[in-house]
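Visitor: Here it is: the structure, laid out below.
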């Protein structure tokens, strides 16, 4: 199995997009996933400790 | 003899100070001394992942420009047909996706830090303008794909653009115009504004946390007390 086929098998992007409707709000699942990922990365960036060089106290 | 040399040097210095090249050079050297332009130490509070997203945005922009140059050299018959063309085309798309991903997180971080504090209003403003210019660059990119997707997007967008009045001179159905905006005008604008933004960051320093903000909202903590 080639690497390309393996990667392509993770998510099938061929086909029409999926949308969520909530009243007058409409958003594609793809956009919602990206927004949720950005929020997750933002929270992790604040919470996760930043690596420091050994021997540095500050 | 030495008097003559001194007088000559003074005259030369006086003449030099009247030249615009000398004035620009002196102003640039004053505003951006080498250790401030390319610092090797930063304040301790910068040791946080939230400070990483600005440079990630810049790196993504570099990839956008590099892959865009390759696409411009080879043309649509290459990026639509060949395997390598598909790959570089996808690199161009995904570097844009990461560019906006990192830029939005950078924006959130700076918003909640109130990064316009301490005489950094121009830094914030150039960031906002570069964000808006990037959106226009990305939009014209979607219009320049030379496929059914770009035709669909342009016909969907025309009514919205026309309703603003901009359609009188900025026609999203005009492929040549949109392509020129995408590969010439908007990249130049984004790179220049983003470059100014980075220079403003170097000039004013990284915004400090609220609890160690200088009382006078004045000079840059990064220049004043580097510790990391």
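Visitor: Looking at residue B:78, is it away from chain A (no Cβ under 14 Å) and within 18 Å of residue B:142 (Cα to Cα)?
Guide: Details: away from chain A (no Cβ under 14 Å): yes; within 18 Å of residue B:142 (Cα to Cα): yes.
Against the criterion (away from chain A (no Cβ under 14 Å) and within 18 Å of residue B:142 (Cα to Cα)), residue B:78 qualifies.
Visitor: When residue B:41 is evaluated against the numbered criteria (1) within 14 Å of chain A (Cβ to nearest Cβ); (2) buried (at least 16 other Cβ atoms within 10 Å of the Cβ); (3) in contact (Cβ under 8 Å) with a residue 24 or more places away in the chain, which criterion, by number, is the only one it fails?
Guide: (2)
Visitor: Can we say residue A:40 is within 12 Å of chain B (Cβ to nearest Cβ), surrounded by fewer than 12 Cβ atoms within 10 Å (Cβ to Cβ), on the phi < 0 side of the Ramachandran plot and modelled with pLDDT of 90 or more? Step through it out loud before you land on a result.
Guide: Values: within 12 Å of chain B (Cβ to nearest Cβ): yes; surrounded by fewer than 12 Cβ atoms within 10 Å (Cβ to Cβ): yes; on the phi < 0 side of the Ramachandran plot: yes; modelled with pLDDT of 90 or more: yes.
When the stated conditions are applied, residue A:40 passes them.
Visitor: Okay, moving on. So which helices (runs of 4 or more DSSP H) are wholly in segment B:6-89 and hold at least 2 residues that are modelled with pLDDT of 95 or more and within 24 Å of the chain's Cα centre (by Cα)? It would help to see each step written out before you state the result.
Guide: Numbers: elements: B:20-31, B:34-37, B:53-74, B:76-79.
So the answer is B:53-74.
Visitor: Could you list, ordered by first residue, the pairs with Cβ atoms under 8 Å in which the first is in segment B:159-185 and touching a residue at least 12 places away in the same chain (Cβ under 8 Å) and the second is surrounded by fewer than 14 Cβ atoms within 10 Å (Cβ to Cβ), at least 6 apart or interchain?
Guide: So the pair list comes out as B:173/B:155; B:183/B:72.
Visitor: Find the residue count for segment B:92-135, including only residues that are assigned to a helix (DSSP H, G or I) and away from chain A (no Cβ under 14 Å).
Guide: In the first step, residues of segment B:92-135 are kept if they are assigned to a helix (DSSP H, G or I); the result is B:92-112, B:121-135.
After this cut, where a residue has to be away from chain A (no Cβ under 14 Å) as well, the list is B:92, B:95, B:121-135.
Selection size over segment B:92-135: 17.
Visitor: With the structure loaded, tell me whether residue B:134 is surrounded by 16 or more Cβ atoms within 10 Å (Cβ to Cβ) and modelled with pLDDT of 95 or more or whether it fails that test. Break it down into steps so the answer makes sense when it comes.
Guide: Details: surrounded by 16 or more Cβ atoms within 10 Å (Cβ to Cβ): yes; modelled with pLDDT of 95 or more: yes.
In short, yes.
Visitor: Something else: Please work out which one of (1) modelled with pLDDT of 90 or more; (2) outside any helix (DSSP H, G or I); (3) surrounded by 16 or more Cβ atoms within 10 Å (Cβ to Cβ) is the condition residue B:226 fails and give its number.
Guide: (1)
Visitor: Does segment A:1-35 hold any residues that are within 26 Å of residue B:102 (Cβ to Cβ), part of a loop (DSSP other than H, G, I, E, B) and modelled with pLDDT of 80 or more, and which are they?
Guide: Those that are within 26 Å of residue B:102 (Cβ to Cβ), part of a loop (DSSP other than H, G, I, E, B) and modelled with pLDDT of 80 or more: A:17, A:18.
The values are calculated or read from the model by the stated rules, or taken from the named source; none is laboratory data. Since the structure is predicted, the reported quantities are computational estimates derived from the model, not experimental observations. Cβ: placed from backbone, ideal geometry, glycine included. Neighbour counts: every protein chain shown.
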